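Some notes on the structure that comes next.
Derivation of every value follows stated rules applied to the coordinates shown; laboratory data play no part. These numbers were taken from a predicted model, which means no experiment stands behind them. Positions of Cβ are generated from backbone atoms using ideal geometry, with glycine treated the same way; all protein chains shown enter the neighbour counts.
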Amino acid sequence: MRFDVSIGLSPEPRKVAMARMMWWLAVILLCLNPVTSWARGGGGCLAEGTLVSTPDGSVAIERLKKGDTVWSVVEGRLKRAEVQALTAVEPEEFLEVSASGSRLEVTAEHLLMVGRGEYRLADRLNEGNTVFELRNGRLRATQILAVRRMAARRPA
């Protein structure tokens, strides 16, 4: 048995109708999640000077190159990952996230781990929220002490 759906259009108008429908679908998807859709490189930026954990020790983010190996968190576990791309930007402001004696300067759209396999945009974090940090080669939960906006004085 075969079922066909006909909308009464010849093949050419059907292509136009399908193209319009796909365009609107893309617009709707972008509207449902605008911040992450437009994020730089798909995930926000860290301030120049931020130390990134690598198998060979900590490295300032601006010294990393494509192909370098860094520690990444995948499904709540530390794994080796290869740097795929680097982008330098000049943001107007950073969010300073302070937790357990350390602080991190990130752009608003940067994702931070708030649970095993769960991430939240930095501009949606508040004092008292839990985030995970890497200490002595281990991931550990810690409470945010403060989140404040600050003018960017250096690139990301």
- Note on the structure: With the charge dipole of the range 66-109 built from beta-carbon charges (+1 for Lys and Arg, -1 for Asp and Glu) about the Cα centre, the Cα from Ala88, Ser98, Trp71 projecting farthest to the positive end belongs to Trp71
- Message: Full-extension gain between Thr54 and Asn129, please, as 0.36 nm times their residue separation minus the C-alpha to C-alpha distance.
- Response: 24.3 nm
- Task: Return the FRET efficiency for the residue pair Asn136, Gln84: r is the Cβ-Cβ distance, R0 is 25 Å, and the value is rounded to the nearest 0.05.
- Result: 0.40
- Counting Lys and Arg as +1 and Asp and Glu as -1, what is the net charge of the other residues whose Cβ lies under 15 Å from the Cβ of Arg138? +4
- Task: Mind checking the full-extension length gain between Ser98 and Ser72? Use 0.36 nm per residue of separation minus the Cα-Cα distance, one decimal, nm.
- Result: 7.3 nm
